[in-house]
Amino acid sequence: MTLETLFSIANYAILPFWLLLLVAPRWRWTGLLVHGPVVVLLLAPLYGYLLFGYGGGPENVDMTSLYGVVEGFSAPSVALAGWVHYLIFDLFIGAWIARDAMRRKLPHLAVVPCLLGTLLVGPLGLLLYVVVRFVASRVVQYDEYADAATAA
């Protein structure tokens with residue numbers, strides 16, 4: 001199987017999990033599929049194969065320098081392994097965002113842009129969620145303060 005085919009398979013394999021987070025975050029199957037081990041069982045073997053079984057990358061690469069990292073990722077199989085790494089970890093963060101938002105009773109429509117951001121630009125989506133969560137907590141604190149002031 002070509003690396004291009006494996007790239008397509010990895011990209012398409014992750015999308016149903018993101019779709020579940022976006023449109024059915026509270027559905028029982030979302031909990032089982034997205035928040036369980038399915039994604040890791042599906043994509044981690046591909047990651048391991050690309051790193052250790054496909055042919056590896058350049059030898060004697062110094063991964064402690066930017067040049068070394070660039071050299072290491074110059075091998076297509078290593079670059080694809082890095083991409084699969086991002087796919088797995090971004091979904092992990094997206095799943096955490098969805099769980100945390102449900103626990104905090106945040107409106108799902110406020111979380112959707114954060115999930116899309118995490119899918120597309122990982123850390124910026126997480127940053128957006130942290131901001132949404134902070135603002136929402138301040139709104140709740142203000143509402144509780146206003147309710148207490150009104151009751152007094």
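The values are calculated or read from the model by the stated rules, or taken from the named source; none is laboratory data. Since the model is a prediction, treat every value here as computed from it, not as a measurement. Every residue, glycine as well, gets a Cβ built from its backbone with ideal geometry; the counts of neighbours run over all protein chains shown. We work out accessible area using only protein heavy atoms, side chains counted, and drop any ligands, DNA or RNA first. Shrake-Rupley method; radii C 1.70, N 1.55, O 1.52, S 1.80 Å.
Scan 61, 70 and give me the residue that is closer than 24 Å to residue 46 by Cβ, without any contact (Cβ under 8 Å) to a residue 24 or more places away in the chain, part of a helix (DSSP H, G or I) and not polar (S, T, N, Q). Even if it seems obvious, please write down each step before you answer.
Numbers: 61 fails: part of a helix (DSSP H, G or I).
Result: 70 is the single residue among 61, 70 that is closer than 24 Å to residue 46 by Cβ, without any contact (Cβ under 8 Å) to a residue 24 or more places away in the chain, part of a helix (DSSP H, G or I) and not polar (S, T, N, Q).
The one condition from (1) open to solvent by 80 Å² or more (accessible area, probe 1.4 Å); (2) assigned to a helix (DSSP H, G or I); (3) more than 26 Å from residue 112 (Cα to Cα) that residue 46 does not meet is (1). Based on what the data block shows, is residue 150 open to solvent by less than 70 Å² (accessible area, probe 1.4 Å), part of a helix (DSSP H, G or I) and either at pLDDT below 95 or of a type in the set (Val, Ile, Thr) (or both)? When the stated conditions are applied, residue 150 does not pass them.
Checked against (1) within 13 Å of the chain's Cα centre (by Cα); (2) open to solvent by 80 Å² or more (accessible area, probe 1.4 Å); (3) touching a residue at least 60 places away in the same chain (Cβ under 8 Å); (4) under 18 Å from residue 129 (Cβ atoms), residue 26 meets all criteria but (1).
Looking at the structure I just gave you, is residue 121 under 30 Å from residue 3 (Cβ atoms), β-branched (Val, Ile, Thr), surrounded by fewer than 17 Cβ atoms within 10 Å (Cβ to Cβ) and modelled with pLDDT of 95 or more?
yes
Of all residues in segment 1-23, count the ones that are open to solvent by 50 Å² or more (accessible area, probe 1.4 Å) and either among the acidic types (Asp, Glu) or within 15 Å of the chain's Cα centre (by Cα) (or both). Total satisfying the criteria: 5.
Just a yes or no: is a residue in segment 62-72 more than 30 Å from residue 26 (Cα to Cα), modelled with pLDDT under 90, exposed (fewer than 13 other Cβ atoms within 10 Å of the Cβ) and not aromatic (Phe, Trp, Tyr)? Yes: segment 62-72 contains one or more residues that are more than 30 Å from residue 26 (Cα to Cα), modelled with pLDDT under 90, exposed (fewer than 13 other Cβ atoms within 10 Å of the Cβ) and not aromatic (Phe, Trp, Tyr).
Could you list, in sequence order, all residues of segment 80-109 that are open to solvent by 40 Å² or more (accessible area, probe 1.4 Å) and either part of a helix (DSSP H, G or I) or among the aliphatic types (A, V, I, L, M) (or both)? Break it down stepwise before answering.
Within segment 80-109, the first condition is being open to solvent by 40 Å² or more (accessible area, probe 1.4 Å), and the residues that meet it are 83, 85-86, 89, 92-93, 96, 99, 102-105, 107-109.
If the condition is that a residue be open to solvent by 40 Å² or more (accessible area, probe 1.4 Å) and either part of a helix (DSSP H, G or I) or among the aliphatic types (A, V, I, L, M) (or both), then 83, 85, 86, 89, 92, 93, 96, 99, 102, 103, 108, 109 are the ones that fit.
Do the conditions hold for residue 13, that is, is it within 25 Å of residue 137 (Cβ to Cβ), modelled with pLDDT of 95 or more, out of contact with any Asp or Glu (no Cβ under 7 Å at 6 or more places or on another chain) and assigned to a helix (DSSP H, G or I)? Judged against the criteria, residue 13 is not a match.
Collect the residues in segment 1-26 that are closer than 15 Å to residue 115 by Cβ and of a type in the set (Phe, Trp, Tyr), keeping them in residue-number order. Within segment 1-26, 17, 18 meet the criteria. For segment 49-58, the set of residues classified as surrounded by 13 or more Cβ atoms within 10 Å (Cβ to Cβ) and in a helix (DSSP H, G or I) consists of 49, 50, 51, listed by residue number.
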